[in-house]
Structure formats: structure tokens, C-alpha cells
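In what follows, a structure is listed as C-alpha cells, so that the remarks can point back to it.
The values are calculated or read from the model by the stated rules, or taken from the named source; none is laboratory data. None of the values given here were measured: they were computed from a predicted structure. Here the Cβ positions follow ideal geometry from the backbone for every residue, glycine too, while neighbour counts run over all protein chains shown. With ligands, DNA and RNA removed, areas are computed over all heavy atoms of the protein, side chains included. Shrake-Rupley method; radii C 1.70, N 1.55, O 1.52, S 1.80 Å.
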Amino acid sequence: MNRRLMLKFENLIQLRGACRQVHTVCYRKVKRAQWKPVQPSAHALWSVLLYPQSWQNRALLQCRHLAIKEETKKKKVKVPLTKGEVEIRQKMTVAELARAMGKGIDHIYEALLYTDINLDSLEPDSVLYEDHIKLVVKKSGMKYKSAKLKEEKERENTDAVKRPPADPAVLTPRPPVVTILGHVDHGKTTLLDSLRKTQVASMEAGGITQHIGAFLVHLPSGEKITFLDTPGHAAFSAMRARGTHVTDIVILVVAAEDGVMQQTIESIQHAKNAGVPLILAINKCDKPEADPERVKKELLAHDVVCEELGGDVQAVNISALKGENLMVLAEATVALAEMLELKADPTGLVEGTIIESRKDKGKGPVTTAIIQRGTLRKGCVLVAGKSWAKVRFMFDENGKAVDSASPGIPVEIMGWKEVPSAGDEILEVESEQRAHEVVAWRTYVEQQEKMKKDVEVIEAKQREHRMEYEKEQKKFAHLTWRQKKAVLYKTNKHLMFLKPKERTEMDKNVLSIIVKGDVDGSVEAILNILESYDADEECKLDILHFGMGDISETDISLAEAFNGVIFGFSVKANESIKKMAAKKGIKIKLHNIIYKLIDDLKDELNSRLPPSVVENTIGEASVLDTFSVTVGKNKIPVAGCRVQKGMLDKKMKFKLIRNRDVIWKGSLSSLKHHKDDVQVIKTGMDCGLSLDKYIEFNIGDEIICYEEKEVQPTTSWDPGF
């Protein structure tokens, strides 16, 4: 009996807990949803007493269901509906305005159809003027309000900068950095080859240095000289200019038999701009036609006065190929370096300049650099441009690993995260975190500058469209607004049914190219040449992509998408890449000499130009008399002519010239000689002829017989070689 009472008591307690939970749910406010308490029947109460646990679970399930329903409603009403009011701001894009209005992008296009905006160039990310934004909102029957401008917090400058000038007491002597400059094929690489006893010249394609190399030369006297071998080709003038910014002395190489040439003058100008002293090396003096004195006199016109003529420029006659007088040139360089008292601070954070950069398959991004301050060691964290490095390995010009590099020493650096650009300044920072800050700041500054330029371009285009719109409006000034609307609707009706991407058509007369090079400097030099391209009206040149490294599958895919051509300079394409390109019909053009690559590019441009028709004159005749012949009911004018030059061939085309004006072009309906039909009339013979069109002849008219030939034109672009 007691046991039964205990069970009933436990059931009552469980029932009381379940009722409390139901009571709580009934009075919870959930989006106007209220529970209506229902009087439980006796049967329901009996089920609770028999199965209290299942009843309690059912109540909990109902609570959970209501909670889920509440969360679903919250998700649905995530964005509050505006009551016909749109918050606008300056420089909103089409997509942003559509979102703010709760409309589709097509609605914005339709609203802008009768405005001065050029819908052909309008994309979802195009920026709209404020008056256009207001116009769209008004046309949609809404009101607008200006958004509160959020004051953008000025970002703190976290860029790395050079250290202040060093204390003269800590400065130590350093090797001079010497740049070899001069005209193409005047012997610069041969000179360096003789100085450092290696065979660089024999490895160069076409005998022309293709990119900058930095070498440390040890002289028998124990002195060290760092040489920069900059390319002598005209295409690499930018690289030559960059070489003079890090150099102390310029050795100007001039061939004794050629004298002063175009690149010689450019080299002199680069040295003057950098404020660097010159040493004149007159090369190839071993040749019979050599004339060193003529070279010295020619240089006077460019303010280069040798010591023999009362100036301060040392001149040394050498033969780089035979090694004559090279030690005299080296001693002259060392003597000038001593006069300049070249010193640097070997302590503290490293500063330097990147001479060349490339991407090596085994080593990754690699740079050749000249250290200008501090001592570079393994583990140093460097920043150059928008890239940074933790130095893993360093190598000298012979590929030998080194542990440190002091000022004036060229060194190859491994450990870069990305390939920096040649000419970038190297600065050492305290930690990797600091390097990230510097790179982030420089990226931010570049983005801000790009945004400014983009805004300027957009505003310029919008001004242009506005002017065109105003001109169009002047044409319709005499019409009523209803007539004007009807005319504009007819004019722009076809645009309503086109998407922006469908409005642009690919220009058939376009050459799309991909440029790949072995090193950054080579790619830069090619791009500098392409910047001079000024024949877009003939054939548009579109550079799809440029970069370093061998030809890849990505290059093939990109070229296939745009029907492009791949140009490679000192790079390779493996067999699988070549087969893929051949299968897809993609041209890969590989070269090791810059001017041959440009010539090939010009040939490709020429092939894209439409053929032009050229008229070749075969014969000329003059009209001596005119008469007419009746054929059926028609009178046909006939000209009595004499062939003055060449011959008249009935199969060819003819033209009638009167007072130097062409009044007819076509073919002959008849050609007769003494009443006989003939095909050809030669010089000095008389004939009668009629045209395929009714035209009356005058005495003195000229009849020209000619043939048309299609000729493939050549581009007018001159890269300056």
C-alpha cells in the first residue's frame, strides 16, 4: 500500500513539473503567437498519470518546435523593409544601388536608358554619378536620403626607410662599382670576359648580353672591382639607366673603327644624369682600320674631353679580345676610385639595390644584388618593393655559397617569397612581422593610387559621354518632349534587350600576346619596346599576360581563350606543352635574341592586317574621236582611241579619266581593230571601244587599262632598331 502511494506521489511531482513548463511556454511572447490553454479531459489526465514521462517529452517537443519556428521567422525578416526611402551615397555602383533599392540590375539599366550614360560600357561594378543615382530613385517612385559619411581613419605609415647618414668614423673602404656601357657589339662582354677569365661572351646569344650581370674581379695587385655588365642593345636602355644609379665609375667602351654610335650617346647621357665620372676604353685598336684619335674628337661634341685634349677623362687604348692594355685600364679605374675615396658603413641594417631577379626551378625566386650599407648574412629579413625575404642562402658570381656580403659586393640571394623587380631598393627590417607590415603598407599605397587613377578615368569617360549626350540633345531641341521621347525610344530600343556583356564585340583586328622571359629585366625590356607601339588603328596589340619562367599549361589555356600568340625570350617549352599547343592551334615563338623576337612580332602584326588592293597600270590610250553605233533600239557611244603606252587587254579592268578625275571604272563591252573584235591592242595601234555603261566620250579623254592585286601591307610601327 505504501509502495502504491509513493508511486502516485512521484507521478504527481512529475505532472507538476510538466505543467510549469507548459505554463512558461504559454506566456512567452513570440511574434504575436500565443498559446491558448485547453481544458484537459479526464482521459488526458489519466494518460498523464499512466505515462508521465511520454507526456513530458511531448511538451518539450512542442517547446522545441516553437523555438525553431521563431528562429526561422528571424532569418526571414533579416533585412528591414524601407518604406519607399533609399539611402544613397556618392560613387555607388550599379549593383550597390540595385541592392539598396531592392530591385534587379535590369531595373537600373531601364531607368538609365534615356540618359546621357553610355549603356554599352555599363557593368554591375560601374560607378554612377550622384545625379544619375537620384534620377533612378525618382523614376522608381522612391525617395532618397544621403547616407552618413563614415570618417575613414587615416592609416599609419608603416613603411621602411633608410637610416640616417653614418658617422664618418665607422666608414671603411669598399670596392668601386663599375658599369661597362657602350654600343652594341663594341666589346663590353669580351672586356669583362678577359678581366675575370671566364667565357661569358661565347655563351651569349648573338654576341649580345641579354640581361644585367654583376661580377667581382680580383686584380693581381689585390684590389677588388665590382663590374656591372649592362646590355648594349637599344632595347635595354632602361636597364642601362638603372645600372648607373648604383655605380661609382662608368667605363665607356667605343670601338676604334666604328666611333660614336647611338647607344654610345645614350650611355654618356645616363652617366651625366647619374653624376658618375667616365673612363674611356677605346676597343679593337688591334684592327688595321682603327682610328682612336677620331673617336676622341667625335666625343668632344658630347662634352667628353680626354686628358690629351685638355680634359679630365682618362682614355685607354685596348684590345679586349687579345687582352692588350687591360691592366692599364684596371689601374686607371683603381686610381680614380682612390680619388673618389669610396667608403661605406659595414654595420647595422642592410641597404642595397636589386640588379636582377628571376625565378629558378630549383631555387625559387632569386635576386642578384649590390650591398651598399651593412653586412648581409644568413637569416636577415629583407624587404624590396612588395616582396620580402628571409635569407636562406647566398652565392657569389661563380655559384659558390658565401656566409656574408659586405658593401660593394655583388651577391645572389635566395629566400624571397615573391620575385621583386630589378632596380628595387633592399632594406633590412627587424623581424618577419615588421616585413609583413611594410609589404602591407606598400600594397595599400599602390591600391590607393590605382583607385585614384581609376576614378580619373571613369570621370573622364563620363564627361565624354555627357558631351555626346548634350550634342544629341541639341539635335532634338526643336521637338516636344513627347516627340523627343519617341525618337530616343526608337533609337535605343535594341539596347533594352541586351545584357552589358553582349554589347561588346571582339575586334577582329587584334593581336593578343603572352610574353614570357627568363628574368625580370628581360621582360621589362620587351615591355618597354611594346609601350612604343603606336599603330592601334592598323592592328590593336593586346598584352594578355607577362611573366618569368618557361611556357606553362596556363599560358596555353589563356592563349586559346583569346586566340593569342605566346612569345618566349630565353625560355623553354617542353614536348608536352608543344604538343598541347599544336593540338589547340596556339603559336609558340621562342627566341634568344631580342631584335629577332621583335621582328617576329612585326611579322605577326603584318599577318593580321587586311590586304590592300594595288592598281598596276597595263596600258594607256587617248580618245581621238567619238561617234555612236545603233544596236537594236539603243545608241551606244564609241571612242576612237590610240594606245600611247603599254597595251589594252579586254580581260582587264578599265577607267575613264577626264580632266584628271576618274568618272568611270568597269570593263569594256567591245574592243575592235578595223571592224574586227580583238582581245589585245598594242602600243601605237588604233582601236574602237565601248564601255559596259552608257557614258558619252569627249575628245582628249584618257582610257587606262589596269589590273588589281592584293598586297599584304606592313605595320607602320617602328620599334627604333
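Things to note:
- Computed FRET value (nearest 0.05) for residue 303 with residue 436, which takes r as the C-beta separation and R₀ as 56 Å: 0.70
- Distance between modelled label sites at residue 156 and residue 401, nm, 7 Å Cα→Cβ extension: 4.0 nm
- One decimal place: the segment residue 446-residue 698 gains 83.4 nm when fully extended, by the rule 0.36 nm per residue minus the C-alpha distance.
- Taking other residues whose beta carbon is less than 15 angstrom from the beta carbon of residue 371, and scoring Lys, Arg as +1 and Asp, Glu as -1, yields -3.
- Straight-distance crosslink candidates among aspartates and glutamates, where the alpha carbon sits under 13 Å from residue 287 and sequence neighbours closer than 8 are dropped: 257, 258, 324
- Length gained on full extension, residue 622 to residue 143, computed as 0.36 nm times the residue gap minus the Cα-Cα distance: 164.5 nm.
- At an R0 of 30 angstrom, the distance between the Cβ atoms of residue 630 and residue 708 translates into a FRET efficiency of 0.35.
- Accessible surface, the stretch 351-430, averaged per residue in Å² (probe 1.4 Å): 39 Å²
- Exceeding the 18 Å Cα-Cα cut-off - candidates 139/474; 651/682; 224/343: 139/474
- Cα gyration tensor shape of the stretch 510-608, rounded if a/c is under 1.5, else prolate or oblate by comparing a/b with b/c: oblate
- When each of 452/516; 134/452; 378/417 is checked by Cα-Cα distance, pairs over 27 Å: 452/516
- Near the amide H of residue 355, within less than 5 Å, lie the amide hydrogens of 368, 369, 370, 423, all on another chain or at least 5 residues away, with H placed in the peptide plane.
- Estimated from the Cβ-Cβ distance and a Förster radius of 22 angstrom, the FRET efficiency linking residue 542 and residue 459 is about 0.35.
- Across the stretch 601-641, the residues whose backbone nitrogen lies under 11 Å from the label position 7 Å along the beta-carbon direction of residue 655 are 614-617.
- Here the extension length gained between residue 107 and residue 223 equals 34.0 nm, from 0.36 nm per residue of separation less the Cα-Cα distance.
- Computed with a 1.4 Å probe over protein heavy atoms only, the accessible area of residue 442 comes to about 50 Å².
- Remark: the Cα gyration tensor places the stretch 351-430 in the rounded category, a/c being less than 1.5.
- Gyration tensor verdict on the stretch 90-143 (Cα atoms; rounded if a/c is under 1.5, prolate if a/b is larger than b/c, oblate otherwise): rounded
- The stretch 402-460 and the stretch 268-300: distance between their alpha carbon centers, rounded to Å: 37 Å
- Neighbours of residue 331 by Cβ distance under 12 Å: Lys/Arg scored +1, Asp/Glu scored -1, total -2.
- Amide H to amide H distances under 5 Å link residue 291 with 257, where only residues 5 or more positions off or on other chains count and H is placed in the peptide plane.
- Spin-label model distance (nm) - residue 682 vs residue 470, 7 Å beyond Cα toward Cβ: 7.1 nm
- Cross-link pairs exceeding 26 Å between alpha carbons, from the set 645/665; 386/453; 461/602: 461/602.
- Less than 5 angstrom separates the built amide H of residue 701 from those of 623, all sequence-distant by 5 or more or on a different chain.
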